[in-house]
Every structure is written in C-alpha cells, then in structure tokens.
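Take a look at the structure below.
The values are calculated or read from the model by the stated rules, or taken from the named source; none is laboratory data. Since the structure is predicted, the reported quantities are computational estimates derived from the model, not experimental observations. Positions of Cβ are backbone-derived with ideal geometry, glycine not excepted, and every protein chain shown enters the neighbour counts. These area figures cover heavy atoms from the full protein model, side chains too; ligands, DNA and RNA do not enter into them. Shrake-Rupley method; radii C 1.70, N 1.55, O 1.52, S 1.80 Å.
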Amino acid sequence: MKYDIEKSFGYPVLSTHSDDYLKSDFQADIEFNVDPENPGLFTVDYIYACGVKEIRDLVAKGDAAYWLKVSCRSTFYSKMYEVKATGTLKLDGHDLRDLVEFSGYVIGSRDGTLTCERINLEFGSKTFEFVNGQVLAQGVPTVYITDKEFWKPISSIFEYMRNSELKDGEYTIDLDGEKGFVQVFANEAQCQVFKDFEKSKDGKAILLNTVFFVAVSKMVEALVDKPEQYADRKWARILTAKASAKNINIGDPKLLIATHRLLDRPLRALTTTLLDK
Amino acid sequence: MNLHVVKRGLVAELRNKIEANLDRYLEGDFEDILTPDYVISVKETEIDLEALQKLQPQAGGEIDVENALVVYGALKGINRYLARDERLWVWLSHGPCLQYARERWVAKGATKEKQTSLIRDHFFASGARGFERNNAIACLWWWAEIVSKYPHADLRTTLEVFLHQTDVRASIIERPTSSQSALVPLLNVLIEKYNSEERLTFFKREKGNSAIYRRWLTEVNRYGGIKFYEALPEKDVTELFLKLADLARESVKSEAIAA
C-alpha cells in the first residue's frame, strides 16, 4: 500500500495529510540505527501518537491494533509487525539493502463500527463500519538508507578512476558516474597517492581538505540546483541521509558551511595534524 | 571454494571496455584478470563448480526452472544483502559461469553493437531489473529465492508455475503487492489454476488487459491499495484472490461477447 497524500480511501482515515478527521493527527516516529551490540542487526525504535481517542479505544479493546510495515524493494523484504504504541524491533541486516521504508498504521482487527465527532462532515455521517484488515490511521512513511556504505565515512561514496590524460596533481570529479558513485579521475600515479593517503591520519586530513571538500561542495551545489537530476543517485541519497542525521540543511545558502559540517570540519583535522608535528 | 566479488574498480573497467574485450566474451576468458588482486573471497559462502556445469543455454520456461534450481543449489551462503551486490554476479558471469552466459545470451552472428548491448545487459547488473531480469545468473538465483519461502509446495513445483510464462513472472515481480505483500496467497491461486482445467484459459496470452491473469493481478493490486493483505489470515486472502480471479474471468468473457 503506497502512501499518497492525494489518495482518499472513501471512508475516514486518520493521517497527517488529510482532513478526514478535523484537528487530529496520527504520527509514527521511527528511529533506525545499527544495533550497538551487534553490527549485523538494525534496531527500529517506534512511538505512535494517535490524536483520536475513539481509535485509541478500539486499540485498547482489541478491535484494532498498531502495525508497523517494513519494506525494502531491493531485497523483496516486506513484513507487517503488530506492535504496541511504543517499542523496539530488531531486524537482520542481511535482509535489507539500499532504501528501507517504515510505515505506521492502525488497522481493524475485526469487523466493527467507529463513531467520532471529529469525522469530517463531507463523509455525511459521524459513524462508519470497518472490516478486519481495514486501515483506520496511516502515518507518513519514513525512509532510511541501510547500505553499509552509509554507516561508513562519507569518503566511501567516492571511487578513483584512472585517466592517463591528466597530469600529476590534477583530478576531475564526475557526479554522473555509473552505479551512483562520485568518480574522481586522476592518472594512475595520482590515484595511488589518493589510496595511500587513505591509509594514514595525515593523508586523510589532506584528502578531506582537497579532493573531498571540492567534491562535496559540487555535490551539495548539484543537489540544490538540479535535485530532479541528482536526488535519486546513490551518493545523493547517502549525502542527504547524512545531512538529515546531522541536522544540516543542504539548501542552506551558506553552501560552504554545509560542506564543512558534512565532512566534520576537515580544516580542524588538518590543523590538528599540522600542530601535532 | 568460496564465492568471490570483483573489486568495484574492475566492474567499472569491464563495463567501459566491453567492445575491447569482445573476443574474450565470444571465445576467450578473463582468467588473467580475475586474480586475487582484483577479486575478494566472501566468507561463509561456497560455490559448487561441478553443479554449475549442468546449466543449459537454451531458452524456455522449463529450462529456466532447471537452471534456477542448479544456481540456487550451487551457490551456498548467499543472503539477500549479498545477492544485491553487482560485484558477485559480475564475478560469476565473467568467471565460473562465463561459458553458460555466453552461449545463452551472446548471439554469435549479431552485430558488434548488438553483442555489446547484450553483454552490458546480461554480464552486469544495473538497477532492480539488472538483478531480477537481466544478469545471466542473478535472475536465476532471485527467481528461486523469491518463491523459496512458499510453504505449501516444493521449490521445483513452485518454480514451474512461476516461470512457465515470462509475462506471469514479470507481472508478479514488478508489482510490490504481488511480489512482497501477498506472494503466498497469490501462489496458492496460481498453483490451483495451473493444475486445473482452467489452466489454458487463465494463462492464455492476450494483448493488453484481456489476458485473464493480467486483469486478475491488476485487481489484486487495486484491492491492496485499501486492504492490508499481510494483516489478514492467509486463508481469507486466498479466498479473496480466488473471487477476484472469477471476476476477472467473467469480465474478460463479457467483453469478448460484447465485441
């Protein structure tokens, strides 16, 4: 069942983007993280907030229940979990890849009737009948990236590509590379220098302030200027998710600030490295 | 022997040099490239090279069933996360399964452009369809994996029904409702129809939406827009799907009479 803010079910469904119920809302807050005790697992913390007492009463009586749907198109994973209003779920990381979507619902557990004064007059009645399996409330889906790359440093979205026409010290950046990675082109020797840099703390500080800083600036700029062209690329999804996790506004007019923060202020790392010497 | 993945840089290089490597694809091999410098062994996996020799390059639903069983049995320790990694399938298509992939997919008499395009499609795996439909080996594994969780029949029987017609398989895989949310009840109905006298009419190929199975799948998907199949008992969903199949048959019949 796809979430669609334009969709009408033909009967009242409590949701953030509909006025089927007046001045009422249903929210499912989902937090998704790698399990700190077992990196092969993900934990999903959820909290449901249902603004209509009559629906909460149905749940309390067992006539309806909270459900959490977890789906991942890449691995054909799709499961519905009957849950309490708050709790934690553990998912096997081997079942998920790329994007995973979490959606909260209240669903009828048996046939019944719901009466509520807040039901919009457009439905012509304050009472309606529902059947087992029918959606009564729907939360806005939350999408997370499960890719192991996401949990690695931001540098993992780059790949080095050889271009023998470039001279030592030169590099170019291509945001349109295959598989959604950002490709850094340099000659063979320069690519090797980059790879060697990755192996040491000092080298990483240099890379962050040169190649990665320039590249991330270009990526942020591309996402702001041409979201329709770039938003679905793998690097864009990872960058956006990282920004969201760090409360960084990619659309911030101070583009450089977003870049500094996405890379955890790389100049600070370089300064520390130089001062240590 | 463990399964291996090709390093990412090599995937990109192979993809960029299909034309330059055309001779290798048609008659040679990549043994000098798939060396420990460029491939990584995957722990806790195993490949049965002897079993893979049984892959048959002919096209057709029955052969697809046999090949899917061969691949699913020969590659051990794969989980869905790994199975979504292009590097694994590039290694298999260019290494242990090169002979099969070449004979099945690269037409010898075709133009260079056509051959390059076929190789790009079937030796690599880009996007969702790259895994489920295009890559010579990945699609076989995924077909078996998708239906392997069906609890009421053995894998061979389920694969026979699932793969006997390309359009049926594609229609199921490409719809999230049928491939993810309601696969078991859906297969309940498909197997029942496949084993009944209705088989010839239910699966009859027609243009557009006048094939009964296609109209039925459309209805299953439509109902999935308001009802949560996963929140209902399997028996109830199967009954609903059987009713929808009856409705689809009746509506196609009435349209045919009206025409």
Counting other chain Cβ atoms within 10 Å of each Cβ in A:100-113 and taking the mean gives 1
Show the residues, 5+ positions off or on another chain, whose built amide H is closer than 5 Å to the amide H of A:Ser109.
-> A:Ala64, A:Ala65, A:Gly133
Check A:Val83: other-chain or 5+ apart residues with amide H under 5 Å from its amide H, H built from backbone geometry?
-> A:Tyr66, A:Trp67, A:Leu68
Starting from the alpha-carbon convex hull of chain B, give the projected area averaged over all orientations, in nm².
-> 16.1
Which residues qualify? For B:Thr45, with a placed amide H closer than 5 Å and at least 5 residues away or on another chain, they are B:Leu3
Expressed in nm to one decimal, what extension gain is obtained for the pair B:Asp37 and B:Ile63 from 0.36 nm per residue of sequence separation less their Cα-Cα distance?
-> 5.8 nm
Highest GNM mean-square fluctuation, chain A, Cα pairs closer than 10 Å: which of A:Glu129, A:Glu188, A:Glu101?
-> A:Glu129
Total Å² of accessible surface buried at the B-A contact, 1.4 Å probe, nearest 100?
-> 2900
Going 7 Å from the Cα of A:Leu256 in the Cα-to-Cβ direction, what parts of region A:175-218 have a backbone nitrogen less than 13 Å from that spot?
-> A:214, A:217
From the phi of every residue in region A:30-40, what ³J(HN,Hα) in whole Hz does the Karplus formula 6.51 cos²θ - 1.76 cosθ + 1.60 yield, where θ is phi - 60° and glycine or proline is x?
-> 10, 10, 10, 8, 6, 5, x, 8, 8, x, x
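Express in nm, to one decimal, how much length is gained between B:Glu27 and B:Lys114 on full extension, taking 0.36 nm for each residue of separation and deducting their alpha carbon distance. Could the numbers behind the result be given before it?
Numbers: separation 87, 0.36 × 87 = 31.32 nm, distance 1.65 nm.
Full extension of this stretch gives 29.7 nm more.
Helix-only mean residue ellipticity at 222 nm, chain A, DSSP H runs n ≥ 4 weighted -39,500 (n - 2.57), per residue, nearest 500. What is it?
Values: 9 runs with 78 residues, N = 277.
Result for chain A, helices only: -8000 deg cm²/dmol.
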Leaving out ligands and nucleic acids, note down the accessible area per residue over the protein assembly as shown with a 1.4 angstrom probe, in whole Å².
-> 49
Pairwise label distance in nanometres, A:Thr271 with A:Thr127, each label 7 Å out on the Cα-Cβ vector = 7.1
So, in nm, how far is label B:Ser254 from label A:Thr210 when the simple model puts each one 7 Å beyond its Cα toward the Cβ?
-> 7.4
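How high is the FRET efficiency between A:Ser156 and A:Lys53 when r is their beta carbon distance and R₀ equals 51 Å, given to the nearest 0.05? Walk me through the numbers on the way to the answer.
Numbers: r = 48 Å, r/R0 = 0.93.
According to the calculation, E is roughly 0.60.
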If you plug each phi of region A:88-98 into the Karplus form 6.51 cos²θ - 1.76 cosθ + 1.60 with θ = phi - 60°, what whole-Hz ³J(HN,Hα) values come out, in order, with x for Gly and Pro?
-> 9, 10, 10, 10, 6, x, 6, 8, 10, 7, 6
Gaussian network model of chain B, Cα springs within a sub-10 Å range: biggest mean-square fluctuation belongs to which of B:His94, B:His122, B:His152?
-> B:His152
To the nearest 10 degrees, how steep is helix A:188-197 against the longest Cα principal axis of chain A, on a 0 to 90 scale?
-> 70
Report the residues of region A:153-182 in range of a label on B:Arg129: point 7 Å along Cα→C-beta, backbone N strictly under 20 Å from it.
-> A:178-180
Take every residue in peptide B:75-86, count the Cβ atoms of other chains within 10 Å of its Cβ, and give the average of those counts.
-> 4
The percentage of the accessible area of the protein assembly as shown (probe 1.4 Å, all protein chains present) made up of carbon and sulfur atoms, to the nearest whole number, is 50
Sum of -39500 (n - 2.57) over DSSP H runs of 4+, divided by residues of chain B (222 nm, nearest 500) = -16000 deg cm²/dmol
If the cut-off is 21 Å between C-alpha atoms, which lysines fall inside it for B:Lys17, apart from same-chain ones fewer than 8 positions away?
-> A:Lys179, B:Lys7, B:Lys108, B:Lys112, B:Lys114
